[in-house]
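One structure below.
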Amino acid sequence: MEKEDYKKLNLRNGIDHSVASDTSCEKHPEGKKRNIRRWIVLLAVAAVIIIGLRITVGPTILWADISAYADDKILITGLTDEDFYVTPEELSHLELEKVTAVGKSQKAGTVKGVGPTLDTFLAQYGKTREDFKQIKFYADDDYTTALVKTLEEKEIVFSIANGRESLEKGQQPLRIVIPEEDSGKWIRMVTKIEFTVK
C-alpha cells in the first residue's frame, strides 16, 4: 500500500498522524503538568523512604526539644587533669544511642534513654572504662550512686531525652540509663560525675 493511501485509510478511521505524532510536552501543557506532578510524587516517596531508613537503620537522631536545659552545666572530675563542665547540648553532638530500660516496679516504669554511651563519652578524651575503678554520679537532690561492677559489665547511657520527649523537670539535665540493671542506678538530675582511676 502506498504511503498516501495508508494515510487516507487512517484518516477515514479517525487517526490523524500529524496530531498523534506531535505529542511533546511543549505543545501540550496538560501533559507537561502531569509529568511535573509525577516527579513531585516520586521525589516525595523517595524522601519518605530515605527518612524511614535513616530512622530504622541509620544513626540515632535527637528528636526531643532539650532547649530548656541544653546549657545546664554538669561537672566532670577525675577524667582529665583539670575539672571541667559539659552540657546536654554538647552531649547531643556525640554519637547517640537509643535504649529501653524496664524497671522491676511500677514506679520505676519504662525509660527510653537517648544519649551517648559512657564509652562514646570517654573516647572523646582518649579514655576507656577500663581506666577507672569507679564512677560516681551526684544528683541535684543530693542523691548519689556509684558504679563499680556495673562499670565493667553493663551498657551505660548518658540520657539527655526520653525517647522523642525531653526529660521531665525532675530528671533534667541528665539521667543515667542502664538496661538490665536495677532502677536504683538510673540516677536522675545528674549535675556531677566523678571518675576514680585505678
Q) Roughly what would the spin-label model give for Lys149 and Glu165, points 7 Å off Cα along C-beta, in nm? A) 3.3
Q) Ile40 versus Leu75, label points 7 Å from Cα toward the beta carbon: distance in nm? A) 5.8
Q: Wrap a convex hull around the Cα atoms of the range 72-198, take a quarter of its surface area, and give that in square nanometres.
A: 7.2
Q.
If neighbour count is taken as other Cβ atoms inside 10 Å, put Leu43, Leu75, Leu151 in order from fewest to most.
A. Leu43, Leu75, Leu151
Q) Charges only on Cβ, +1 for Lys and Arg, -1 for Asp and Glu: so what's the dipole of the range 74-197 about the Cα centre, in debye to the nearest 20? A) 520
**Q.** For peptides 132-145, 86-99, 173-186, sequence by mean Cβ density within 10 Å, most packed first
**A.** 173-186, 86-99, 132-145
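Just so you know, all these numbers are worked out from the coordinates, no wet-lab data involved. Being a predicted model, the structure only gives us computed values, none of them experimental. For neighbour counting, all protein chains shown are included, and Cβ atoms are generated from backbone atoms with ideal geometry for every residue, glycine included.
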